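**Q** Quick one: this structure, given as C-alpha cells, is what I'll be asking you about.
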Amino acid sequence: MRTHPMFGDTIIAMCLGFFDLLSGISAARWTEQHLAWYVLAGAFLLIPVIFRRKYPITASYLIMLGAWIQVFTHGSGLDHLDSLVVRGGDLALGVALYTMVTCTNRRRALEYAGLLVIGTTIWAFWRVAPDASSIGVTLFGAGIIYGFCWVLGEFIGARRAYHEELEGRLQLLETERDQQARIAVAEERARIARELHDVVAHAV
C-alpha cells in the first residue's frame, strides 16, 4: 500500500461507499430523480478519494462540491430524502481535510477548514431539525470529526517530516562515508606508489 497509495485510497473509498450505501437504503420515498441526485452527490464525495494523494487540492474541493450538492438536494427542506440529512459519504469531508493538512501547506489547509466550517454551519441551520439542541449536537459532532482529522493530519505530517529528515541525514552520512572511503583508497594508493618508487630508486 505504501508503494501503490492509490490502492489504499481505493479501499478507503470502497469502505465509505459501503456506509453510504447503507445510509441510502434507509432513505425514504426514492424516485428516479432522487436517485440521480443521490448518485451524483455520492460520485463527487467518493471518487476523488481515490486520487486524493496524487491531486490533493483538486480532490478535496471536488469532495466539497459533492457536499454542496447534498446540501441543496438532501434534507428536511425538501420532500424527498428527508431521512438522509447525513449520509455515510460525508465522512469523505474529514478525509479531505486530513489530506489537505498532510499534503499541502498550512495556509491552504486553514482555508479549506474555514470553508468546511462555513458550509457545515449553513447545512446545520438549513437542513437539520430546527430546534437549537439538534443544531448544537450536529455542529459539535462535526467539530469533533474535523478536529480529529486535523490533529491526525498534523501528527502524520510531523512524523513524515521527521522520517524525511532522518532519511536525509542517513543519506548524508552515507555520502560522507563513501567520500572518506575514496579518500582513504587514494591515500593508500599514493603511499604504495611512493614506496614502490623508493624501492625502484634504491634498486637502480
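To keep it simple, each residue is scored yes or no on (1) touching a strand residue (DSSP E or B) at 6+ places or on another chain (Cβ under 9 Å); (2) of a type outside the set (A, V, I, L, M); (3) farther than 24 Å from Phe51 by Cβ; (4) without any contact (Cβ under 8 Å) to a residue 40 or more places away in the chain.
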residue: Arg106; (1), (2), (3), (4): no, yes, no, yes
residue: Phe125; (1), (2), (3), (4): no, yes, yes, yes
residue: Ala142; (1), (2), (3), (4): no, no, yes, yes
residue: Leu152; (1), (2), (3), (4): no, no, no, no
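**Q** Regarding Glu176, is this residue farther than 23 Å from Lys54 by Cβ and charged (D, E, K, R)?
**A** Yes.
**Q** Give the residue that is farthest from Leu40 (Cα to Cα), with candidates limited to residues of region 53-73 that are at pLDDT below 90 and open to solvent by less than 20 Å² (accessible area, probe 1.4 Å).
**A** Filtering first and then ranking leaves Val71.
**Q** Could you run through region 126-180 and say how many residues are under 28 Å from Trp68 (Cα atoms), of a type outside the set (Gly, Ala, Ser) and surrounded by 13 or more Cβ atoms within 10 Å (Cβ to Cβ)?
**A** Number satisfying all stated conditions: 14.
**Q** Hey, Pro130 hits all of (1) modelled with pLDDT of 90 or more; (2) not in a helix (DSSP H, G or I) but one; which does it fall short on?
**A** Here Pro130 meets the rest and fails (1).
**Q** Within region 27-52, which residues are at pLDDT below 90 and open to solvent by 80 Å² or more (accessible area, probe 1.4 Å)?
**A** Arg29, Trp30, Glu32, Gln33, Leu35, Trp37, Val39
The values are calculated or read from the model by the stated rules, or taken from the named source; none is laboratory data. Note that the structure is predicted; figures quoted are calculated from it, not measured. For neighbour counting, all protein chains shown are included, and Cβ atoms are generated from backbone atoms with ideal geometry for every residue, glycine included. Calculation scope for accessible area: heavy atoms of the full protein, side chains included, ligands and nucleic acids excluded. Shrake-Rupley method; radii C 1.70, N 1.55, O 1.52, S 1.80 Å.
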